[in-house]
Every structure is written in structure tokens, then in C-alpha cells.
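The values are calculated or read from the model by the stated rules, or taken from the named source; none is laboratory data. If you're wondering where the values come from, they're calculated on a predicted model, not measured in any experiment. Glycine gets a Cβ as well: all are built from the backbone with ideal geometry, and neighbour counts include every protein chain shown.
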Ligand SMILES: [Zn+2]
């Protein structure tokens, strides 16, 4: 027993030393992060998947759940699909092509108005273009996203790779997209409706009925032009799942995605250079940060997530009110009525970090546009970090575990140095100096440092935000520290 304690103590001491010395090294030079970044690159080059960040806490459904998914639309057939879904009081997920969305903007709006989910299926579905280079895939995702933003103000987080990821994706594809905050969605049941041209409805139904059922079944179907037989088969498919006791729901970031295993890509690609890797990671991070800043508010995000999970447990049709409550896909559009004007809060704000509470008095923080703005120094120091104020340059250097972030007030930028990345610069429009302290949006500040918001309560009596902290320590080591 004693022996065990000594071992544990020695281990802690060694770890402490390691963390501390690494921190110093890191502060002195950024080679450290370059090294870690290089390790990731080497792994990806060997086609091994590397997690790009924290995965959200997935919600598992107790009742068997089927996620109906329709790819390649919208088309002139989509309104018929929407009618059938509406008649059954259920919801589905549409992975749309940018090209088709452009041709059927009203259908996109109708899909959302009916309470369904929309995912990104690239712009033109041309395999050779999409899988010859990640650059093309990325460009098509962005292009489609922009089209959907223009039509309906949404920027979908869910992506389905045309043809699925297996033998199309390599580890780099996964890494870049996940690093940018996207979720990749394959399927675990194929209706076979695109096995060849004109598969008859009876065969589609038969394929579904003889397929293995999963507790959470993600069913692949198509609503692109030429798939009228799928529309014909749909009522029978819905009846089948109802009979089996399934509820229907839409995919979201909260649903653990089905992803095929990583195979050897069948496409010839020129090797990814380390410089290209770093550029793409930077690009991905920019998209992720833009999303953080775009929605960047706690309440909006909560809505954003609830938007994503529509479950139709009781098969009752949605009420008409649901339509206007559908938040935009990235949560960036706050719903009318939820946008509050700047107000002086009187209630204190409690930020809870791993059981410890940081209290901000009513006059210490701001709450407007559904976002909390808190004094950075107090936040960081309470989290165990250090802030050095540079008065000449009106900037603050935050040291938090392995991460160093330099907040530059005049430029409204943040320079972030952390393991695995080269220095990144973020535009951070919303920082202001108040009573000698920089006020920063709570969520963005926390997420920049690798922590995350896990809970959020705001009502007439209470303002509370819960944070999961990693103390600026890389995930792997954080796990060890918990021992
Ligand atoms: Zn497709």
C-alpha cells in the first residue's frame, strides 16, 4: 500500500516537472508546437486517424431510433417527400448539393420550415473532382455552405461525403474537416435505391426490410431527380419502422455519427506536404473560429443544438409554431425576441469550473446580445493561468498551460500559440477595455484555450455557466492527470 503511494507521488512529481519545464520551453520558443504538429502530420500520412479535438457528449437514444436521410436533392421530387413526412408527423435529414440548392431555393426554405435538418453533400457530387484533392472537396463544401447561407441563413455542420467516406476519404480529409468543426455522417443501412438506375419501389422496401436493424439506424435514401421510386417506397418504409417500434429523429452533432472505417483511398492524390498541412489546418481553424464568433453566444448555441435534434417520439405532427423556432444551422441567427439589447445586469454571474466557483458581481461583467462578457484577467487567473499586461502595446499575454494567447486591443486580434499548430491569428472584434480590464466574450475566450462550456443557465433568478477545463494541457496528458 505504502509502496503504491510512493509510486503515485513520484509519478505526480515527475509529471509536474514535465509540465512545468515544457511550459517554460514553450514560452521560450515555439518549436515545441511545431514538433507536435509534425507528429500529427506523420500519423495522417500513414493514413491513421487523429482526433482533431474534443468530441461533444453524444446523447444516446433509449428507444430505437431511425434517422431517415435523403441525399443529392433538392429536386422536383423533394416536395413530395416533404408531404409524406408531414403526413406522418416525422422529420428527416437532407444532405443537399449546392448545385441543386441553387436551383431549388424555395425547397430549401420549405425543408427548414417543416423542421427538418439540412446537411452539406458538396456542390456537384463529381467524385473525381472531390477526391483528387482535398482542396476541391473543401472548396465545394464552402461553396455550398455559402449558397445555403444566402438562401436560408444556415451553415450546416453535418457533411455527408458523396459515395460515403470509405475508400474516398483519407485521414487528412477527416482531420481537416473535423478540425473545422464539421461532423461526417455515413450510414448503417442502405435502401439500395441507387444501386442502379430505376430500382423499383418494391425492391427498395424489400432491401430495407431484410437489412440489419440497429438501435440507431441511419438509413440512406435519395431524393435527387430520377428517384421517384424512393418516393413511392417511402410510406411503406415509414410504416415498417413504426411497426418495429422506432421513433424518427433528425441527425445532429449530438448524435454519434456513423462513420465507415478508414480504408485505403482508391484515388490518386499527390502527397500532402507539411507546409500544405499547416496551411489547411490554419484554414480549418479559421472556419471553426468564425463559427464560434458568428454564433459565439451561449444562448444562441443552446438553441443551435436543440435545433439539431428533432425527435418525433409520439409521431405527432409539429405545431406550426415550430417553424419560426427553428434556429439557423450554425445558430448565428438568433431568433427574433431573444436578442436583448445591452443591459446592465444586476444578478451575479457564477462560472463553475470543475467544482470551483468564480463569481462575477453584477457590475463586473456584461450581458448583451445573449452573450456574457467577462474581465479576462479574473477569468484566466481563476482558471489557474497568468496574464501579463503590456501597457505600451495595450495588449495582454495569457499563459494557460501549454497555450499562450496574446490579446491585442488596438488591432482587435488574438495571437494564439499552442501545441500542434503554428501561430494563429484570430480577429476578435468584441473586446473592450473596461475599468482597466479587457472584457472578452466568455465562450470564445474559453474555447480558444481548449476548454468548453458544458452547461448554461440563465433566468430571472440565476446566471450560471459551467466550464469543463483542461487547464491548457493537451487532452492525452489531461487524461493521465485525472488518475
Ligand atoms: Zn450522393
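Of note:
- Failed criterion for residue 182 (all others in (1) surrounded by 21 or more Cβ atoms within 10 Å (Cβ to Cβ); (2) farther than 16 Å from residue 118 by Cβ; (3) more than 16 Å from the ligand (Cβ to nearest atom) hold): (2)
- Against the conditions (1) out of contact with any strand residue (DSSP E or B) (no Cβ under 7 Å at 6 or more places or on another chain); (2) within 16 Å of the ligand (Cβ to nearest atom), residue 156 satisfies every one except (1).
- Note on the range 193-217: among residues that are touching a strand residue (DSSP E or B) at 6+ places or on another chain (Cβ under 9 Å) and in a loop (DSSP other than H, G, I, E, B), the one that is nearest to residue 279 (Cα to Cα) is 194.
- Residues located in the range 355-392, provided they are in a loop (DSSP other than H, G, I, E, B) and surrounded by 13 or more Cβ atoms within 10 Å (Cβ to Cβ): 362, 364, 365, 369, 370, 384, 385
- Residue 224 vs. criteria within 19 Å of residue 80 (Cβ to Cβ), surrounded by fewer than 23 Cβ atoms within 10 Å (Cβ to Cβ) and at pLDDT 95 or above: yes
- Count of residues meeting criterion [out of contact with any helix residue (DSSP H, G or I) (no Cβ under 7 Å at 6 or more places or on another chain), assigned to a helix (DSSP H, G or I) and closer than 30 Å to residue 103 by Cβ] in the range 218-250: 1
- Residue tally, condition assigned to a loop (DSSP other than H, G, I, E, B), touching a strand residue (DSSP E or B) at 6+ places or on another chain (Cβ under 8 Å) and either under 22 Å from residue 40 (Cβ atoms) or modelled with pLDDT under 95 (or both), over the range 253-282: 5
- For the condition modelled with pLDDT of 95 or more, within 15 Å of the chain's Cα centre (by Cα) and away from the ligand (no atom under 13 Å from the Cβ), residue 148 does not qualify.
- One residue alone among 211, 132 is surrounded by fewer than 23 Cβ atoms within 10 Å (Cβ to Cβ), touching a residue at least 12 places away in the same chain (Cβ under 8 Å) and either over 23 Å from residue 282 (Cβ atoms) or within 15 Å of the ligand (Cβ to nearest atom) (or both), and that residue is 211.
- Scanning the range 242-276 for residues that are without any contact (Cβ under 8 Å) to a residue 60 or more places away in the chain and exposed (fewer than 15 other Cβ atoms within 10 Å of the Cβ) yields 243, 273, 275.
- Candidate set from the range 165-179 (those that are surrounded by 20 or more Cβ atoms within 10 Å (Cβ to Cβ) and part of a loop (DSSP other than H, G, I, E, B)); member that is farthest from the ligand (Cβ to nearest atom): 170
- In the range 185-204, the residues that are surrounded by fewer than 20 Cβ atoms within 10 Å (Cβ to Cβ) and in contact with a helix residue (DSSP H, G or I) (Cβ under 9 Å, 6 or more places away or on another chain): 190, 192, 194, 195, 198, 199, 200, 201, 202, 203
- Checked against (1) in contact with a helix residue (DSSP H, G or I) (Cβ under 9 Å, 6 or more places away or on another chain); (2) under 22 Å from residue 272 (Cβ atoms); (3) in contact (Cβ under 8 Å) with a residue 60 or more places away in the chain, residue 92 meets all criteria but (2).
Rundown of residues vs (1) at pLDDT 80 or above; (2) more than 30 Å from residue 93 (Cβ to Cβ), yes/no style:
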| site | (1), (2) |
| --- | --- |
| 4 | no, yes |
| 9 | no, yes |
| 13 | no, yes |
| 21 | no, yes |
| 44 | yes, no |
| 59 | yes, no |
| 62 | no, no |
| 70 | yes, no |
| 75 | yes, no |
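- Test: residue 105 is closer than 24 Å to residue 161 by Cα, free of Cβ contacts under 8 Å to residues at least 40 places away in the same chain and either under 21 Å from the mean Cα position of the chain (by Cα) or more than 14 Å from the ligand (Cβ to nearest atom) (or both): no
- Restricting attention to the range 68-96, the residues being within 15 Å of the ligand (Cβ to nearest atom), more than 26 Å from the chain's Cα centre (by Cα) and farther than 18 Å from residue 225 by Cβ number 0.
- When the range 215-236 is filtered for residues that are touching a residue at least 60 places away in the same chain (Cβ under 8 Å) and away from the ligand (no atom under 16 Å from the Cβ), the ones remaining, listed by number, are 215, 216, 217, 228, 231, 234, 235.
- Identity of the residue in the range 120-129, crowded, with 17+ Cβ neighbours inside 10 Å and more than 11 Å from the ligand (Cβ to nearest atom), that ends up nearest to residue 71 (Cα to Cα): 120
- Inclusion of residue 161 among residues that are part of a loop (DSSP other than H, G, I, E, B) and within 14 Å of the ligand (Cβ to nearest atom) is warranted.
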